[in-house]
Amino acid sequence: MFQYQLDRLSRKYFGVPGIFVEGYCDGHILKSKEGDIYFINDKEKIYLLAKNADVYPICIAHYPLPQIIEDLQDKLDSFGPYSEEMLSAHFAYYNENMEKRLYFVLKYKNSFEPKVFIWMPGGYQEIPSVYIGGISKAIIAAGKLLLSENCYRYNSIKMKRLLLAPEYILFWGGESQLVKSYVNNGKLDFVPLGRFVRLTKTGVSNLLEVKEENKFALYHISKTLNLIAYTPFENGFEIDEKNGKVITHAAIMSCGVQNITRTYVYKKGKYKKT
């Protein structure tokens, strides 16, 4: 017989699960035959956590940087230390999260957005996370990078910094994905940039091209990370490596396809459209 007691609220609204078919996290997380996820709290009661979901345990691991990202790291210039605002937000974020142990990732079967949980007295608690995606279905949570391992677990690794600048940091986000960290309303935040395509060093600037889902983006790397332009085309940016001039190609469809070009030039430390 199953030794734990189902709590009244879960029993009232969702019924009693017929059979538990899988256990995770040393048996504290259970999955019913119906596909629902339950957890056992420290008082030996079972609570419904999610319906129609899957659970992926989190293990500590080590991953080397892919060669393409390692080469990028070697080519990136440093732009000095954090600003005071960045430094304060950085320390606050890591002091808050350094002791947190990540237990599992939960994904609803009708949603792509995962949830990350830690253990707290009395039960499991969701914490803020940023979904990076990519082949490794990467997630950032509590200052750690989570990478999917063969669709049955996530591996937790230390965040690997590629570039430090006064107003932002570039991190590796799994595979060839890049992540930007910056201060948002006084707190450290993370946002996925996209998949690394190329870094072009010109006589006046460093230009970073990444691929988002259905378009390419070009950024000017300096003390701040500035978006120059988008293009839907592979090789849609023409870059003059001497003076840094950028010509972008786009297309609009109105009784046929029309190629639209725009030109950006580097003046006084910034790119401006001519």
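In square angstrom, what is the accessible area per residue of the chain with a 1.4 angstrom probe?
It amounts to 57 Å² per residue over the chain.
Using a Förster distance of 30 Å, how high is the FRET efficiency between Tyr47 and Lys158, based on the Cβ-Cβ distance and rounded to 0.05?
Numbers: r = 32 Å, r/R0 = 1.07.
Once rounded, the FRET efficiency stands at 0.40.
So what is the diffusion coefficient of segment 132-274 in µm² per second by Stokes-Einstein at 10 °C and 1.306 mPa s, using a Kirkwood Rh over Cα pairs?
Rounded, D is 95 µm²/s.
List the extent of the Cα atoms of the chain along each of their three principal axes, largest first, rounded to whole Å.
76, 52, 34
From a point 7 Å beyond the Cα of Lys187 in the direction of its Cβ, which residues of segment 119-143 have a backbone N at a distance under 11 Å?
128-129
Can you give the extra length, in nm with one decimal, that the chain gains between Ile68 and Glu126 once fully stretched, where that is 0.36 nm per residue apart less the Cα-Cα distance?
Numbers: separation 58, 0.36 × 58 = 20.88 nm, distance 3.38 nm.
Once the chain is fully extended between Ile68 and Glu126, it gains 17.5 nm.
Between Lys270 and Arg198, with labels modelled 7 Å along Cα→Cβ, what's the label distance in nm to one decimal, could you check?
Going by the 7 Å Cα→Cβ label model, 2.8 nm.
For the chain, give the percent of accessible area contributed by carbon and sulfur heavy atoms, probe 1.4 Å, rounded to a whole number.
Values: 7770 of 15570 Å².
Within the chain, the accessible surface is 50 percent carbon and sulfur.
Just going by the charge dipole of the chain, with Lys and Arg at +1 and Asp and Glu at -1 on Cβ, which of Asn259, Met86, Phe104 is farthest out on the positive end?
Asn259
For the pair Asn214 and Glu96, what calculated FRET efficiency results from E = 1/(1 + (r/R0)^6), where r is the Cβ-Cβ distance and R0 = 41 Å, to the nearest 0.05?
Values: r = 36 Å, r/R0 = 0.87.
That gives a FRET efficiency of 0.70.
The values are calculated or read from the model by the stated rules, or taken from the named source; none is laboratory data. What you see is a predicted model; the values in this text were computed from it and never measured. So basically every Cβ, Gly included, is an ideal-geometry build from the backbone, and we count neighbours across all protein chains shown. We work out accessible area using only protein heavy atoms, side chains counted, and drop any ligands, DNA or RNA first. Shrake-Rupley method; radii C 1.70, N 1.55, O 1.52, S 1.80 Å.
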